[in-house]
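The values are calculated or read from the model by the stated rules, or taken from the named source; none is laboratory data. All of these numbers come straight from a predicted model, not from anything done at the bench. Using ideal geometry, Cβ is built from the backbone for each residue, glycine included, and neighbour counts are taken over all protein chains shown. Areas reflect the complete protein model, heavy atoms only, side chains present, ligands, DNA and RNA absent. Shrake-Rupley method; radii C 1.70, N 1.55, O 1.52, S 1.80 Å.
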Amino acid sequence: MTPFIIVAIDGGAASGKSSTARALSERFNLLHVDTGSFYRAISAELLRRKLTPDDLPAICAALPSIRLGTRVNGRTAHMEIDGRPIDAAEIRSQPVNETVARFAPIPELRAALLDYQRGQADVARSHGFRGLVMEGRDIGSKIFPDADLRFFLHADLEERAKRRRNEGLQDKVAERDILDNKRLLESAKGAIMIDSTNLTLEQVVEKISGIVAEKLK
Ligand code: CDP
Ligand code: CDP
């Protein structure tokens, strides 16, 4: 039997996590799990319920009533909330961009997502994937510290802000970096560091693919 492999990718906003993880998922038949989209989906749901990141007691009261499910589409895991698929445009909207990194540090919210994220390994197994590639801010440090491979993607702030602008998205990359800083530092520890400031996406994917292929030998 081929071994099940877990690849963790962490890094700051627009460091290339999603594009890289998507390419790896195709190349190695891995389930692609974008945990940022989970934090975004829950933030969007809390905003819909008229809550702000400061409404701590109300957020803690609301969390148990948010029912999380997963639908696999192609090679990607999509979160469902109360049986509804999440709206891709809504989770990338400006209100979510501006609040997600302030909702994300709430310990009760992170705790509510912990088992759900670890459970994606079972989702991958039950769908016949060879493994999973999960991206976020704490994958190699908290979710799968024993991952077979742990990568940290870095790119200069200016380059990352430019990437977001090129996508036509309004995003305060620097502000989110500051809010995410503690988790970014922890997830970088002991990870394979890839600096993509001057690399194309294809070059990054080639570099990481070589390391994954070596691991699978
Ligand atoms: O795509 P981008 O890198 O801009 O962000 P994202 O991965 O969609 O994550 C959105 C926000 O969710 C981040 O700025 C973090 O505040 C939070 N997040 C987190 O705290 N832990 C994760 N594992 C993933 C995301
Ligand atoms: O998931 P994350 O926010 O870390 O980044 P992404 O959404 O994968 O990448 C943000 C943008 O940067 C996308 O448009 C990528 O095509 C681009 N990119 C790039 O220009 N060069 C790289 N080495 C990696 C990503």
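Considering all projection directions equally, how large on average is the shadow of the alpha-carbon convex hull of segment 150-190, in square nanometres?
Working: hull surface 12.8 nm².
Mean projected area of the Cα convex hull: 3.2 nm².
If all Cα-Cα distances of segment 15-112 are sorted into 10 Å bins from 0 onward, what percent lands in each bin, rounded to whole numbers?
Calculated over all Cα pairs of segment 15-112, the distribution is 15, 46, 30, 9, 1 percent.
Highest mean first, what order results for 201-210, 56-65, 20-29 on Cβ atoms within 10 Å? Walk me through the numbers on the way to the answer.
On the way: 201-210: 15.2, 56-65: 13.1, 20-29: 20.0.
The packing order, highest mean first, is 20-29, 201-210, 56-65.
Segment 100-151: percent of C-alpha pairs farther apart than 18 Å?
Values: 473 of 1326 pairs.
Cα-Cα pairs of segment 100-151 separated by over 18 Å account for 36 percent.
Starting at 0 and stepping by 5 Å, how many percent of the alpha carbon pairs of the chain end up in each bin?
Per 5 Å bin, starting at 0, the Cα pair percentages come out as 1, 7, 15, 20, 21, 17, 12, 5, 2, 0, 0.
Restricting to DSSP loop positions (anything but H, G, I, E, B) with no more than 16 other Cβ atoms inside 10 Å of their own Cβ, which trypsin sites (Lys or Arg not before Pro) remain in segment 116-198?
Working: sites: R118, R125, R130, R137, K142, R150, R160, K162, R163, R164, R165, K172, R176, K182, R183, K189; in loops: R130, R137, K172, K189.
Sites meeting the loop and neighbour criteria: R130, K172, K189.
Please identify, among S187, S93, S37, the residue showing maximal mean-square fluctuation in a Gaussian network model of the chain using a 10 angstrom Cα cutoff.
In the Gaussian network model the winner is S93.
Accessible area per residue of the chain at 1.4 Å probe, in Å²?
Details: 10570 Å² over 217 residues.
So the chain comes to 49 Å² accessible per residue, rounded to a whole number.
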